[in-house]
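The values are calculated or read from the model by the stated rules, or taken from the named source; none is laboratory data. Please read all numbers here as calculations on a predicted model, not as lab measurements. Glycine also receives a Cβ, built like all others from the backbone with ideal geometry; neighbour counts cover every protein chain displayed.
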């Protein structure tokens, strides 16, 4: 799965180091449902993200029997950067098995979002390169 935004990238956004956001018209290219497939630690993974022209997204990821999701907003920049901010996520909790039997729930931290360099190779394919961690995912338009 793609690594999310680092503290350094968040600081760059907060202090205005990144260029001014592109017009909403550039969001038209992102609008739709996109899917990427990859193998991580031997498990087949599918990332599905639905993006709107109003700069919101919903992402659902599945690796083997495990599933996560998040939603939020995104900003695009003329230099090909896409910066996402998470506003909701699932699962919110995970079950921890205690040493003596039984267990308890712990809260999952909010995912930090992400900063990606996006290249469109066609109208139906885009490649995301994680600007901080270097991971790559190729998304194909589903709808």
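Conditions first: (1) in a strand (DSSP E or B); (2) within 12 Å of the chain's Cα centre (by Cα); (3) at pLDDT below 95. Residue 4 passes all but one, so which condition is the exception?
Failing condition for residue 4: (1).
Filter region 100-143 down to the residues that are outside any strand (DSSP E or B) and within 16 Å of residue 59 (Cβ to Cβ), then identify the one that is modelled with the lowest pLDDT.
Looking at the filtered set, the residue picked out is 143.
So which residues in region 76-93 are over 14 Å from residue 109 (Cβ atoms) and either out of contact with any helix residue (DSSP H, G or I) (no Cβ under 8 Å at 6 or more places or on another chain) or surrounded by fewer than 18 Cβ atoms within 10 Å (Cβ to Cβ) (or both), if there are any at all?
Answer for region 76-93, where residues must be over 14 Å from residue 109 (Cβ atoms) and either out of contact with any helix residue (DSSP H, G or I) (no Cβ under 8 Å at 6 or more places or on another chain) or surrounded by fewer than 18 Cβ atoms within 10 Å (Cβ to Cβ) (or both): 77, 78, 79, 80, 81, 82, 84, 85, 87.
Looking only at region 9-54, filter to residues that are in a helix (DSSP H, G or I) and surrounded by 14 or more Cβ atoms within 10 Å (Cβ to Cβ); which one of those is modelled with the highest pLDDT?
29
If I ask for residues that are touching a strand residue (DSSP E or B) at 6+ places or on another chain (Cβ under 9 Å) and surrounded by fewer than 11 Cβ atoms within 10 Å (Cβ to Cβ), which ones from region 123-143 would you list?
Once the filter is applied, which keeps residues that are touching a strand residue (DSSP E or B) at 6+ places or on another chain (Cβ under 9 Å) and surrounded by fewer than 11 Cβ atoms within 10 Å (Cβ to Cβ), region 123-143 yields 123, 143.
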